[in-house]
Amino acid sequence: MKPTLGRIVLFHVPESIQEKMGMANGCNTSKLLPATIVAVWSETTINLKVHLDGELDGHGDLWMTSVQEGTDENHWEWPVIEVDKPYSDEKV
């Protein structure tokens with residue numbers, strides 16, 4: 001897939017930010033968070049608005065610049081899309 005503005009990806013939160021999130025009141029310390037692409041530099045390098053589950057330093061989002069694609073900390077990856085079976089109200 002090619003990154004484009006507005007698409008959702010997953011951001012691997014660095015340990016240093018996870019620790020800060022753990023000290024924040026009510027902030028989820030997840031290692032993987034959803035993020036919106038806000039700028040595209042190449043097919044592997046993007047800027048992100050990371051959506052926190054809570055507040056960090058009075059903000060509900062985290063801005064990350066020039067993030068590379070990958071599965072290590074401080075990297076982004078495409079989410080896995082699960083395809084559900086079509087809904088049916090048929091009784092078996």
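Here are some notes:
- Close Cβ contacts (under 8 Å, 6 or more residues apart or on different chains) running from residues in segment 69-84 that are of a type in the set (Gly, Ala, Ser) to residues that are surrounded by 11 or more Cβ atoms within 10 Å (Cβ to Cβ) comprise 70/12; 70/76; 70/77.
- Whichever residue in segment 35-58 is at pLDDT below 95 and of a type in the set (Asp, Glu) and, among such residues, is nearest to the chain's Cα centre (by Cα): 53
- Residue in segment 23-34 that is under 13 Å from the mean Cα position of the chain (by Cα) and at pLDDT 95 or above present: no
- Failed item, numbered, when residue 61 is tested on (1) at pLDDT 85 or above; (2) charged (D, E, K, R); (3) in contact with a His (Cβ under 9 Å, 6 or more places away or on another chain): (1)
The values are calculated or read from the model by the stated rules, or taken from the named source; none is laboratory data. Values in this document were obtained by computation on a predicted structure and should not be read as measured data. So basically every Cβ, Gly included, is an ideal-geometry build from the backbone, and we count neighbours across all protein chains shown.
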